[in-house]
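Visitor: So that we are looking at the same thing, I have put the structure below in structure tokens.
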Amino acid sequence: MSTSPPSGRLAPFATTIFAEMTALAVATGSINLGQGFPDTDGPPEILEAAVAAIRSGENQYPPSAGVPALRAAIADHQRRCYGLEYDPDGEVLVTTGATEGIAAALIGLCEPGDGVVMFQPFYDSYAACAAISGADATMVTLRAPDWSFDPDELRAAVSPRTRLVLLNSPHNPTGKVFSRTELEEVARVCREHDLVAVTDEVYEHLVYDGEHVPLATLEGMRDRCVSLSSAGKTFSCTGWKIGWACGPSRLVARVRAAKQFLTFATGTPFQHAVAEGLAGGDRLVTPLRDSLRERRDLLCDGLESLGLTVHRPAATYFATTDVASIGEDDAVTFCRELPARCGVVAVPSSVFYSDPEPGRTLVRWAFCKRPEVLREALTGLQALVPARR
Ligand SMILES: Cc1ncc(COP(=O)(O)O)c(C=O)c1O
């Protein structure tokens with residue numbers, strides 16, 4: 001366990017590694033497996049629904065909480081997929097991507113000096129948003145190869161000032177899906193210490209092995225949980241930035257209070273299109289999940305054949321490798337040199353840690369790209385093989 005420093009590398013105004021690596025990819029003409037965005041469009045009917053919404057005049061400010069059709073579709077989705085009941089009026093809030101959901105939840109639910117418990121490695125906005133809200137983040141470390149955590153470390157992370165636990169499952173960057181037993185552990189801590197849980201479930205439909213269990217479905221958790229998700233990953237439309245928060249009205253009201261001064265409202269035509277997408281159900285989601293599972297295996301098999309230790313993910317867009325297995329002892333240097341050596345960009349996982357040491361030799365690779373792009377990247381990465389012989 002380690003406590004995040006109040007400033008320095010967690011300062012919310014620093015340039016992100018994604019900006020640095022994307023600029024490097026552009027400058028060197030490299031294949032960008034750094035940032036997690038698909039290089040193909042989502043289902044045509046959702047794209048057409050957005051065009052139709054624009055043409056039919058859905059172009060002005062929507063209600064701050066989101067258009068009624070989308071709030072109803074989100075409530076239906078939660079009921080159909082998980083048996084969770086939410087009132088579209090007051091218990092469902094549309095956000096500008098899950099990114100705004102995370103920010104608004106932390107700002108709305110925490111007072112300066114409150115404690116937030118989160119797991120490292122973590123999605124990079126978590127620590128920045130905790131810093132913006134004035135809360136102090138305490139980390140519990142997920143350890144390879146299965147990215148499990150020590151329940152004692154979780155319990156020790158909770159102090160009298162702790163207000164909430166921020167949980168991401170399925171998890172970026174590791175691709176871990178928290179097991180029911182692990183979730184029970186988190187739920188027990190939340191119940192014992194009367195904590196709020198904020199869950200980031202943006203990869204809920206991109207699970208290749210196992211099952212996603214929302215924390216809110218566990219005993220006593222629905223009424224202390226704000227569940228966040230987003231259409232970006234589910235429908236391959238990461239640029240639309242349509243996300244949502246579901247939870248009891250007393251918590252969602254606080255998230256909404258913060259949201260109204262962040263963006264006030266979120267892209268009207270895209271909300272209508274996502275409402276149609278959610279109504280489409282598994283028919284739209286299953287083909288994407290199956291194709292991503294194949295691409296996961298393509299990339300992981302290829303990376304393994306290069307001699308890298310691969311932590312094959314159960315979910316998400318990302319695979320993690322340990323480059324120590326090819327004699328590299330610093331993933332940041334490895335990733336900075338990779339474009340020139342191989343024409344490929346990847347991200348050093350240490351940026352997802354408050355204490356970078358456990359991630360020092362880990363590298364994250366995105367596989368949400370076309371198979372031919374992944375094959376081309378693997379061909380470029382062959383250059384790593386002679387370098388270590
Ligand atoms: C774990 C996690 N949470 C949130 C987000 C951001 O989601 P959105 O694009 O909907 O803002 C991402 C995007 O990569 C993510 O990986």
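Visitor: Taking the full set of protein chains and a 1.4 angstrom probe, give the accessible area of T15 in square angstrom, rounded to the nearest 10.
Guide: We get 120 Å² for T15.
Visitor: Can you list the aspartates and glutamates whose alpha carbon sits under 15 Å from that of K369, skipping same-chain ones fewer than 8 residues off?
Guide: D39, D41, D290, E294, D297
Visitor: Between V26 and I54, what is the label-point separation in nm under the 7 Å Cα-to-beta-carbon projection?
Guide: Modelled inter-label distance: 2.2 nm.
Visitor: Ok, one more. Starting from the residue with the highest accessible area, list D152, D114 in decreasing order, probe 1.4 Å. List each step's numbers first, then the result.
Guide: Values: D152 95, D114 30 Å².
The residues order as D152, D114, largest area first.
Visitor: Against the globular-protein guess of 2.2 N^0.38 Å, express the Cα radius of gyration of the chain as a ratio, rounded to two decimals. Write down the numbers at each step before the final one.
Guide: Values: Rg = 20.3 Å, N = 389, 2.2 N^0.38 = 21.2 Å.
That works out to 0.96 for the chain.
Visitor: Still on this structure, I have one more. Summing +1 for each Lys or Arg and -1 for each Asp or Glu, what net charge is found among the other residues whose Cβ lies under 13 Å from the Cβ of P68? It would help to have the intermediate numbers written out before the result.
Guide: Working: positive: R71; negative: E58, D76, D87, D89.
Neighbour charge sum, excluding P68 itself: -3.
Visitor: Hey, another quick one. Please list, in chain and number order, the residues 5+ apart from V198 or on another chain whose amide H is under 5 Å from its amide H, with Hs placed from the backbone.
Guide: V165, L166, L167, V226
Visitor: I would also like to ask the following. Using each residue's phi in the stretch 299-306, evaluate 6.51 cos²θ - 1.76 cosθ + 1.60 at θ = phi - 60° and report the 3J(HN,Hα) Karplus result to the nearest Hz, with x for Gly and Pro.
Guide: My calculation for the stretch 299-306 gives 5, 5, 4, x, 5, 4, 5, 7 Hz in order.
Visitor: Roughly what % of DSSP beta bridges within the chain run antiparallel, to the nearest 5? Write down the numbers at each step before the final one.
Guide: On the way: 23 of 44 bridges.
Here the antiparallel bridges make up roughly 50 percent for the chain.
Visitor: Here is a follow-up. Probe 1.4 Å, all protein chains in place: accessible area of S133 in Å², nearest 10?
Guide: 10 Å²
Visitor: Show me, for the stretch 247-263, the HN-Hα J-couplings you get by feeding each phi into the Karplus relation (A = 6.51, B = -1.76, C = 1.60, θ = phi - 60°), rounded to Hz, glycine and proline as x.
Guide: Here the 3J(HN,Hα) series is x, x, 4, 5, 8, 4, 4, 6, 5, 5, 4, 6, 4, 5, 9, 8, 10 Hz.
Visitor: Whole-Hz ³J(HN,Hα) for each residue in the stretch 176-185, computed from phi via Karplus 6.51 cos²θ - 1.76 cosθ + 1.60 with θ = phi - 60°, x for glycine and proline: what do you get?
Guide: 6, 10, 4, 6, 4, 4, 5, 5, 4, 4
Visitor: Could you tell me what % of all Cα pairs in the stretch 38-92 have separations over 16 Å? Don't skip to the answer; put the middle values down first.
Guide: Numbers: 864 of 1485 pairs.
Looking at the stretch 38-92, the distances longer than 16 Å represent 58 percent of pairs.
Visitor: Carbon-plus-sulfur fraction of the accessible area of the chain, 1.4 Å probe, in percent? Intermediate results must be reported in sequence, preceding the final value.
Guide: Working: 7880 of 15120 Å².
In the chain, the share of accessible area belonging to carbon and sulfur is 52 percent.
Visitor: Net charge near G115, counting Lys/Arg +1 and Asp/Glu -1 over other residues with Cβ under 11 Å of its Cβ? Kindly include the intermediate steps, with their values, before the conclusion.
Guide: On the way: positive: R161, R163; negative: E111, D114, D136.
Charge balance in the 11 Å sphere: -1.
The values are calculated or read from the model by the stated rules, or taken from the named source; none is laboratory data. Owing to the predicted nature of the structure, the values given are computational and were not obtained by experimental measurement. Positions of Cβ are generated from backbone atoms using ideal geometry, with glycine treated the same way; all protein chains shown enter the neighbour counts. The accessibility values were calculated without ligands, DNA or RNA, using every heavy atom of the protein model including side chains. Shrake-Rupley method; radii C 1.70, N 1.55, O 1.52, S 1.80 Å.
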